[in-house]
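Below is one structure, written out as structure tokens, with a few remarks after it.
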Amino acid sequence: EAGVAQSPRYKIIEKRQSVAFWCNPISGHATLYWYQQILGQGPKLLIQFQNNGVVDDSQLPKDRFSAERLKGVDSTLKIQPAKLEDSAVYLCASSAYRGGPSGELFFGEGSRLTVL
Amino acid sequence: QQQVKQSPQSLIVQKGGISIINCAYENTAFDYFPWYQQFPGKGPALLIAIRPDVSEKKEGRFTISFNKSAKQFSLHIMDSQPGDSATYFCAASSPSGGYNKLIFGAGTRLAVHP
């Protein structure tokens, strides 16, 4: 079974520039997550999709971050304009969860962003 | 109430020793407590998980101990090996609202010395 795919793996941009990250979840997984992991910290949830609807974006800095999940499959996370503090690894995860008790999340390898 | 507090931040253990990492939570709606292992340059991967209806779960050298009344859980790594050197995250998940939301602790960087 193919895992969660993310691209690009690495990106270096100047502050105030824009960047986009792409995620392809495990086939059939209804729930998709974007996490931000700053060096030395635990992953922080930015946004959670159930199919193509947003169910939690309470920690997404909406003035600069946006995300979409068209057709309930792939997702794109965009940052515009980027700030120095956005330097982090952006992790995409997916889950087969469709209700009932909580279950496992499967993570991609992440996209490392450096903002200069 | 959504936080998961993890300690210690870092841990050094000799090969063959026992590694112990602790976590505490507040939200009694959490129903799933996984531990994730992360190697440099990789995403977190599920190591072992427990639900609150059991007090202990063992998989090979890895054991979760769960204390529901104290709202604490811990990971024990027996016979620690250099290959176990990684960052370990505890997490907790709640299905409240019909959505599977996973909250992570801050992580423990484990180094196992030969």
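The values are calculated or read from the model by the stated rules, or taken from the named source; none is laboratory data. On a predicted model such as this, the values are computed, not experimentally measured, just so you know. Neighbour counts are summed over all protein chains in view; Cβ atoms, including those assigned to glycine, are modelled from backbone coordinates with ideal geometry.
Filtering region B:67-95 down to residues that are among the charged types (D, E, K, R) and within 25 Å of B:Pro40 (Cβ to Cβ), which residue is farthest from the other protein chains (Cβ to nearest Cβ)?
Residues of region B:67-95 that are among the charged types (D, E, K, R), as a first pass: B:68, B:71, B:79, B:84.
Pick out the ones that are also within 25 Å of B:Pro40 (Cβ to Cβ) and you get B:79, B:84.
Values: B:Asp79: 25, B:Asp84: 19 Å.
It comes out as B:Asp79.
Just to verify a result, which residue in region B:1-16, among those that are more than 13 Å from every other protein chain (Cβ to nearest Cβ) and surrounded by 14 or more Cβ atoms within 10 Å (Cβ to Cβ), is nearest to B:Phe66 (Cα to Cα)?
Residues of region B:1-16 that are more than 13 Å from every other protein chain (Cβ to nearest Cβ), as a first pass: B:1, B:8, B:11-16.
Adding the requirement that they be surrounded by 14 or more Cβ atoms within 10 Å (Cβ to Cβ) leaves B:11, B:13.
Details: B:Leu11: 21, B:Val13: 23 Å.
It comes out as B:Leu11.
Checking the conditions here, which among A:Gln50, A:Gln6, A:Gln17, A:Gln36 is at pLDDT below 95 and not acidic (Asp, Glu)?
Checking each option against the conditions leaves just A:Gln50.
Just for region B:28-45: of the residues that are in contact with a Ser or Thr (Cβ under 6 Å, 6 or more places away or on another chain) and assigned to a strand (DSSP E or B), which one is farthest from B:Ser85 (Cα to Cα)?
My answer is B:Tyr32.
Take B:Pro114 and decide whether it is at pLDDT below 95, more than 14 Å from chain A (Cβ to nearest Cβ) and over 24 Å from A:Leu91 (Cβ atoms).
Considered against the rule, which asks whether it is at pLDDT below 95, more than 14 Å from chain A (Cβ to nearest Cβ) and over 24 Å from A:Leu91 (Cβ atoms), B:Pro114 comes out as yes.
Restricting the search to region A:44-68, which residues are in a loop (DSSP other than H, G, I, E, B) and crowded, with 16+ Cβ neighbours inside 10 Å?
Matches in region A:44-68: A:Asp57, A:Leu60.
State all residues of region A:79-94 that are touching a Phe, Trp or Tyr at 6+ places or on another chain (Cβ under 7 Å) and either surrounded by fewer than 18 Cβ atoms within 10 Å (Cβ to Cβ) or at the interface with another protein chain (Cβ under 8 Å from one of its Cβ atoms) (or both); if no residue qualifies, say none.
If the condition is that a residue be touching a Phe, Trp or Tyr at 6+ places or on another chain (Cβ under 7 Å) and either surrounded by fewer than 18 Cβ atoms within 10 Å (Cβ to Cβ) or at the interface with another protein chain (Cβ under 8 Å from one of its Cβ atoms) (or both), then A:Leu91, A:Ala93 are the ones that fit.
Would you mind finding the one in B:Ile48, B:Ile103, B:Ile64 that is part of a strand (DSSP E or B) and facing chain A (nearest Cβ under 8 Å)? Before you say what the answer is, go through the steps one by one.
Working: B:Ile48 fails: facing chain A (nearest Cβ under 8 Å); B:Ile64 fails: facing chain A (nearest Cβ under 8 Å).
Just a single option satisfies the conditions, and that option is B:Ile103.
Just to verify a result, which residue in region A:69-94, among those that are closer than 24 Å to B:Pro95 by Cβ, part of a strand (DSSP E or B) and of a type in the set (A, V, I, L, M), is modelled with the highest pLDDT?
Filtering region A:69-94 for residues that are closer than 24 Å to B:Pro95 by Cβ, part of a strand (DSSP E or B) and of a type in the set (A, V, I, L, M), the one modelled with the highest pLDDT comes out as A:Leu91.
Out of the residues in region A:95-116 that are closer than 14 Å to B:Leu46 by Cα and part of a strand (DSSP E or B), which is nearest to the other protein chains (Cβ to nearest Cβ)? If you could, list the steps in order and put the result at the bottom.
Within region A:95-116, the first condition is being closer than 14 Å to B:Leu46 by Cα, and the residues that meet it are A:95, A:102-109.
So of that shortlist, the ones also part of a strand (DSSP E or B) come out as A:95, A:106-107.
Values: A:Ser95: 6, A:Phe106: 8, A:Phe107: 3 Å.
Filtering region A:95-116 for residues that are closer than 14 Å to B:Leu46 by Cα and part of a strand (DSSP E or B), the one nearest to the other protein chains (Cβ to nearest Cβ) comes out as A:Phe107.
Out of curiosity, is B:Gly98 surrounded by fewer than 16 Cβ atoms within 10 Å (Cβ to Cβ) and more than 14 Å from chain A (Cβ to nearest Cβ)?
The answer is no for B:Gly98.
Condition first: under 28 Å from B:Lys5 (Cα atoms) and outside any strand (DSSP E or B). Now tell me which residues in region A:1-43 satisfy that.
The answer is A:Val4, A:Ile38, A:Leu39, A:Gly40, A:Gln41, A:Gly42, A:Pro43.
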